[in-house]
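> Here's a structure for you.
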């Protein structure tokens, strides 16, 4: 007897309000980066992520006079960014973006595109570039919806009444938890991605699920306030230090969940204590040293080495891509960073591949030396401890490592 056929899957769709919020953030990021070249980032662009613009009135923003005041080149650049993220070129609806007058018309086009594509609709994320050049990663929207189902049933308290969004929604963590999750739960979103930590703390209330990265949680802790009763948090995009787990508990946070994963893999595991091993999320299964999805049996391209405790629990041992090949030689970026720190000249450092050689960004431990003197001393220090391929060919100095809005390292 043949197995009974599975129930048909629902066609994926996006909540109109959160879709508009996501598009507003994509456009804002494009304008801030200055892809249009000539555009001066100003108060018009900031309206995209103001409390008013990221709410129900976001769609009323016009692209021209009286609104964002985008000229033709800026609008082309922003339209291209939206088209890339939602893969609009597949249906040809990318051509229609330039004829739209308001943001809600772009939302309507994206919704139409997703309806046409159905279960084949894809979202195209970009990796942070924290360890290598940024890459585009395609994800089926239907698979993302299944992942949100697993996250909701495993992590989200029944009493959740609102999502408080600290990370921007165009990154996979923000998209899952602040675009798809509120739509599944039927709860509103308070977007605080461009508000101060003090303002955020003052507006929290019982039933809030606060979504943030370690960078965001540190900012809330540094504010020094107490969390209202009944506020729960979720963190991802990097390991949260033990001291922050303890600090958040002391500040009254009712509960905290950490999700482990990456842009390439999505969420893989979770834990509710900083010293515990991660547990696989529903829909994931161990296959030797690899992971597979239970629905399809597809192997998941892991970005980290995992130490398995048993069939369900694991501990990450570090990124696989922390080793790169330079001039035919395998080089550990982590080791190069450690040796840079041993110099006593750096309070923080990051190393990544350049065009042909490694490059380093260094936060000096003091400003007693000029950049030229620091450069010379660091080169001498590295030459005596590493082979030539592992020595950075260039050094950049600054007061803090370059990070994006998620708090993750970026290129320089």
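A short reminder: the numbers here are calculations on the coordinates, not readings from a lab. Fair warning: this is a prediction, and the values are worked out from it, not measured in the lab. We place every Cβ from the backbone using ideal geometry, glycine too, and count neighbours over all the protein chains shown.
> Go ahead and estimate [θ] at 222 nm for the chain from helices alone: -39,500 (n - 2.57) per DSSP H run with n ≥ 4, summed, over the residue count, rounded to 500. Let's see the in-between values first.
Numbers: 12 runs with 125 residues, N = 412.
Helices in the chain give a 222 nm mean residue ellipticity of -9000 deg cm²/dmol.
> Multiply the residue separation of residue 33 and residue 242 by 0.36 nm, subtract the distance between their alpha-carbon atoms, and state the gained length in nm to one decimal.
The span from residue 33 to residue 242 would gain 71.8 nm if fully extended.
> I'd like the distance separating the alpha-carbon centroids of segment 247-285 and segment 353-369, in whole Å.
Result: 33 Å between the Cα centres.
> Find how much the distance from residue 363 to residue 389 grows on full extension, using 0.36 nm per residue of separation minus their present alpha carbon separation; answer in nm with one decimal.
7.1 nm
> Quick one: divide the alpha-carbon radius of gyration of segment 136-321 by 2.2 N^0.38 Å and tell me what you get.
Working: Rg = 16.1 Å, N = 186, 2.2 N^0.38 = 16.0 Å.
Relative to the rule-of-thumb radius for its length, segment 136-321 sits at 1.00.
> Separate question: How do the peptides 372-383, 234-245, 203-214 rank, highest first, by the average count of neighbouring beta carbon atoms within 10 Å per residue?
So the peptides 372-383, 234-245, 203-214, ranked by packing, come out 203-214, 234-245, 372-383.
> At a Förster radius of 41 Å, what calculated FRET efficiency corresponds to the Cβ-Cβ distance of residue 376 and residue 76, to the nearest 0.05? Intermediate values should be presented prior to the final figure.
Numbers: r = 45 Å, r/R0 = 1.11.
Given R0 = 41 Å and the Cβ-Cβ separation, E is 0.35.
> For a label point 7 angstrom out from the Cα of residue 286 toward its Cβ, which stretches of segment 246-278 have the backbone nitrogen within less than 14 Å?
269-270, 277-278
> If you don't mind, another one. Which residues does the label zone of residue 294 cover in segment 170-185, counting backbone N under 16 Å from a point 7 Å along Cα→Cβ?
From segment 170-185, the list is empty.
> Express in nm, to one decimal, how much length is gained between residue 126 and residue 341 on full extension, taking 0.36 nm for each residue of separation and deducting their alpha carbon distance.
74.4 nm
> Looking at segment 327-397 only, what percent of DSSP beta bridges run antiparallel? Nearest 5 please.
The answer is about 65 percent antiparallel.
> Further question: With the chain treated as a Gaussian network of Cα nodes joined by springs under 10 Å, which of 278, 361, 260 yields the largest mean-square fluctuation?
Sorting by GNM fluctuation, first place goes to 361.
> A follow-up question, please. Using DSSP, restrict attention to beta bridges with both residues in the chain and report what percent are antiparallel, rounded to the nearest 5.
Approximately 65 percent, going by the DSSP bridge assignments.
> To continue, here is another question. In segment 136-321, what % of DSSP beta bridges are antiparallel (nearest 5)?
That works out to approximately 55 percent antiparallel.
> Now a separate question. What residue among 247, 311, 288 has the largest mean-square fluctuation in a Gaussian network model of the chain, using Cα springs under 10 Å?
288
> Rounded to the nearest 0.05, what FRET efficiency do residue 140 and residue 276 give with R0 = 25 Å and r taken as the Cβ-Cβ distance? Could you check? Before the final figure, lay out the partial values.
Details: r = 31 Å, r/R0 = 1.23.
According to the calculation, E is roughly 0.20.
> Just to confirm my numbers, what's the Cα centroid distance between segment 184-213 and segment 86-118 in Å?
29
> Using a 10 angstrom cutoff on alpha carbons, build the Gaussian network for the chain and name the most mobile of 396, 384, 91.
384
> Okay, next question. Assuming R0 = 41 Å, can you tell me the calculated FRET efficiency for the pair residue 411 and residue 199, based on Cβ-Cβ distance, to the nearest 0.05?
Once rounded, the FRET efficiency stands at 0.85.
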